[in-house]
Each structure stands twice: as structure tokens, then as C-alpha cells.
1. Please give the calculated 222 nm ellipticity per residue for the chain, where each DSSP H segment of at least 4 residues contributes -39500 (n - 2.57) and the sum is spread over every residue; nearest 500 deg cm²/dmol?
2. Please give the length that would be gained between ASP161 and THR194 if that part of the chain were fully extended, namely 0.36 nm times their separation in residues minus their C-alpha to C-alpha distance (nm, one decimal).
3. Would you kindly work out the equivalent ellipsoid of the chain from its C-alpha gyration tensor and give its semi-axes, the square roots of five times the eigenvalues, largest first in whole Å?
4. Of the candidates TRP189, TRP165, TRP332, which one comes out as most mobile in a Gaussian network treatment of the chain with C-alpha springs shorter than 10 Å?
5. Magnitude of the Cβ-charge dipole of segment 158-255, K/R +1 and D/E -1, about the Cα centre, nearest 20 debye?
6. Over the Cα atoms of segment 126-268, how large are the radius of gyration and the largest Cα-Cα distance (Dmax), in Å?
7. Quickly work out the ASP87-to-SER391 label distance, labels modelled 7 Å from Cα along the C-beta direction, and quote it in nm with one decimal.
8. GNM, the chain, Cα, under 10 Å: largest mean-square fluctuation among ASP161, ASP369, ASP228?
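Just so it is clear, none of the values below were taken in a lab; they were calculated from the coordinates. The model shown is predicted, which means the values in this text are computed figures rather than measured ones. FYI the Cβ positions are ideal-geometry reconstructions off the backbone, even for glycines, and counts take in every protein chain you see.
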Amino acid sequence: MTGNRFDTLSESAFVQLRKLLEGRPGGAPTMDLTVGEPKHPIPDFVKSVLNENISDFAPYPPPGGSFALRQAISIWMARRYGVKPLDPETQIAAVNGTREALFNACLAVTPTTKASKQPIIILPNPFYHCYGSGVAAAGAEPYYWNATAETGHLPDLDGIDEATWERTAVVFMCSPANPQGAAAGGDYWRRLLTLARKHDVVVFADECYSEIYFGDPPTGAIEAADGDTSNLLIFNSLSKRSNMAGLRSGFVAGDAKLIAQIMKLRRLGGAPVPLPLCAVSAACWQDEAHVEVSRALYASKFKLIENAIGNRFGYQTPDGGFFLWLNTQMEWGLDGEAATLRLWDEAGMRVLPGGYLAHNTPRGHPGTDYIRVAVVYDAATTTEMLDRLTSIKA
């Protein structure tokens, strides 16, 4: 056999980074700032909830998660976004983290053809790499939708022509964005949804960073749509919100017809969330106190960053999320890969070149001049990170 639909995919950013730094000793004790893995404490109640439900590891869990979890998610969404609660039975599915859900949703909802041609799936550029693997698995053609400083780090809604929209089956939108942290406002969401519905396109609203923000709460897609879920799927998880990346618990919610397609696939080949983890997850969605504590910790660290960096690297405090998206070309005259090597060689800092998180297009490469730095450690480690970063001179 020759050829594979995944042959066109680049290696993950972390594999590329390993190859880049291979054989090079760092210039200081290693500080790994590559992975978006929160280091804040997990909620205090998790242990007791898990212990109370430990016997439920025995039965097979339902494919869409426990009703109690889906109901907790529905109530949380209604409270957070001011919309009518979604139907836990038909509009919400619990999943093993949103990476799995984002990938499998591509398989579940992408048609074999659109406008009698290979379907297109639109990805923001830069983008979370599982989007690209979902596109390849669904047999679709990727369309990389550049988000640059000139467009406020949100993809340009005027940049997609009518012929592309006609062939498009799915459009991914991440808000707040990974890596830039830009959040779409209500007008942006409404315009995107209007375009999508006009062309029978499904919007995948990846909102995994929605609860880490530094001003007003980011507008959700369902909020902008006033609760109308037609052609809309919303993805969120407890990895960032509750500092529980290892729980592997998230949800997909929205259009009942689309949820039914996802559930059909899950019943045939999905891995349900175990019932004790459903109980822990429900407790997390029901509690806001731990989220507020965590958000305050992030806010204090980003104040340190503002004071240390100012407007260097083209820096602006993001709307949400916990990444720095720093323009090293502007500050040091180095592209992201060269800057990554210098930070490693001189300061022992492992960061990700922005070029590893984006794709080159005829309209330019929006990642080459940048690095991504994960702000996930405590204040003392963040201060050390800033000291090392600002010690590098042009």
C-alpha cells in the first residue's frame, strides 16, 4: 500500500521542537514553557466526590455521559451565557476532552461532497493541531484562514470568497484563541453564524479558554446567537477551567441534529467518560468558586508580565487564555525558530516557535515571527521566566 491521508500533516509542534533542540544543552536549568497544562490546584472537593462514586467504575458508562453531568453542563451554559437551558438529552454530549470531540465531530458531520466537490474545512491560522488531523480524517480540503496582528488576531471574515464558502462543510473558530488569546465579540460571532447558515456550514466553536480572562467574560457563540444552535456546535472542557487536564472531560453542545450524528459515531466507536469521572465533572461545572480563585491567579501573573514586558514584542495582554504570543522579529530581529534556539541556548527556556503552530499560505505565514510561551506556573516561576526572557538582548 502507498499513500495515507495523514501524509500531508506536519509533525506535532512538540515533536518538531524536540528535533530542533536535539543535542543542544540548555544554557540554564530547564524551564519548560511549551505545554498548555495548568499548574494551579485542582478543586478541593474532587477527592471526596470521586471516593463517593468509586463503585461506579464497575458498570459500562452511557456513551454520552451521565444525565446528571449533561444537566449540570446545561445549567452552567444557561447561567454563563444568559440563554435558555439546552436539552441534556438531545443537545449535549460528554466527551473525553475536547481534542477527541473536535477530531471526531469532523468525521460525524462532514459530507462526502459539498457543491459536488471535495468539501472544505476552514481552520483559523495559527490553529490547534487536532483541527488539521480531523480535516484529514474526514477527507476534506483544509483552508487556512489567517489571523494576524492586522486583523486583531481574529480570522478575517472578509477574506473568504463565495466559491470557498459554497464548498465549505465546517469552520473552526477558537475564542479565546490558542495561541493569540484574542476573543471574538458578539458582532463577530453573529456575522460568522450568518455566513455559515447562509451556506449550510457548521460552526465548531472551540471555547476551551472561555473561563480564563482579564476583563469582561468573552462572548460565547451561543450567547451571540441568543440560544439559537442551528449549524452550531460548542466545545468546552475542564482542562483549563478547573485545572484538570488529566481528567479528560469535556462536552460538545448545540444543534440537536448534529449531536445525534456525533452520538451515532460515539455509540459505534467512542469511549465514554467513566461514571465516577462524570460525577467529578458535574461537581466542577456546578462550582464557580475554584474557577474564580484560578482566574485571579492568572490575572496577578499577567500583571507581572505587563510590568516586565510593557509593549516589547508587540505585547498586549490577551483577552483570555494563558499564552504569550510574542513577536521576536520585532524585538530581536529573529524569526520564531531562531528565537527559540537562542532562548534555549542562553536561558534554558523551552518555548514553541510560532511557525510550528501555523501553516504557510499564499496570503502569508502568520506564525513565523512569533513564539508561544505558556504561563501556567506560579508567580515565582513566572517572575523567573520574565527575568530570563528580558535578559536576552537584540
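1. -12000 deg cm²/dmol
2. My answer for the length gained is 10.4 nm.
3. Over the Cα atoms of the chain, the ellipsoid semi-axes are 32, 27, 20 Å.
4. TRP332
5. 360
6. Cα only, segment 126-268: 14.9, 45 Å (Rg, Dmax).
7. Here the answer is 6.0 nm between the modelled labels.
8. The residue that fluctuates most here is ASP161.
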